[in-house]
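*Asks:* One structure is given below, represented as structure tokens, and several questions about it will come after.
We did not get these values from a lab; they are worked out from the coordinates using the rules stated. Remember, predicted model here, so these are calculated numbers, not experimental data. Neighbour counts run over all protein chains shown; Cβ positions are idealised from the backbone, glycine included.
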Amino acid sequence: MAKGDVRNQAPPTPRRPARPAAPRPLPGGASRPAIAGKTRPALPPGPIPAVPAATRIRVVSGPNLDLLGLREPEIYGTATLLDLHAELTSIGAARGIELECLQSNHEGDLVTWVAHAGREGFDGVVLNAGALTHTSIALLDAVRASGLPVVEVHLSNPEAREEYRRRSMIAEACVGKVTGFGPASYALGLLALVDRLRGGAELRTSSNAGRRGGV
Ligand code: DQA
């Protein structure tokens, strides 16, 4: 048998289960007094409460957003996509939000990442589809197929730009949209999405306290 191969080795000698130590007899056969505070309190009846699972959000960026920081900085700013992902991750970490940040220049990748997000254990999606926002019915279908709340975000404000950017193909299937705030659009979209998932507990103000979901 090769060294390190454990398949045919004899099973290890089973260890004797540890026996609780017997109390030492008191001199003269006297009984021990109960010691206050030494007994473990009984567990309350009913199921043991589960530790709440982290909220899992997928952040998806589309074509040309890999060039953030280099591409048209007068419109999109100088922060890179890595900077943006690091910022979102720290915002998420402080709030018990687990993030997966993805980028692709290929429509099919975006379709798969969005449509399958729910089956892959995510609770919602923040989506900057780049130029595919204005053209992709496949991505619209993917948002619907996901069955998840999806927030559309843009660094710039496409509605204040060229005519062909004013139409979003995905907006009608998204729960909301944040545009025009640079990288903060992603952060605001993330917080708004988590607020919605947590029934208004994340961005509570006196006017929305207790309100659930959106309009
Ligand atoms: C963008 C706006 C789109 O019109 C453009 O095609 C992009 C970036 C934004 O984040 O502002 O690639 O989605």
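*Asks:* Say each of Ala94 and Ala131 gets a label point 7 Å from the Cα, pointing the same way as Cα to Cβ; how far apart are those two points in nm?
*Replies:* Each label point is offset 7 Å from its Cα along the Cβ direction, giving 3.6 nm.
*Asks:* Based on a Kirkwood Rh over C-alpha pairs, give the Stokes-Einstein translational diffusion coefficient of the stretch 55-197 at 37 °C and viscosity 0.692 mPa s in µm²/s.
*Replies:* The Stokes-Einstein estimate is 223 µm²/s.
*Asks:* Work out from phi, with θ = phi - 60° and the Karplus expression 6.51 cos²θ - 1.76 cosθ + 1.60, the ³J(HN,Hα) of each residue of the stretch 160-167, listed in order in whole Hz, and give x for Gly and Pro.
*Replies:* 9, 10, 4, 3, 5, 9, 7, 9
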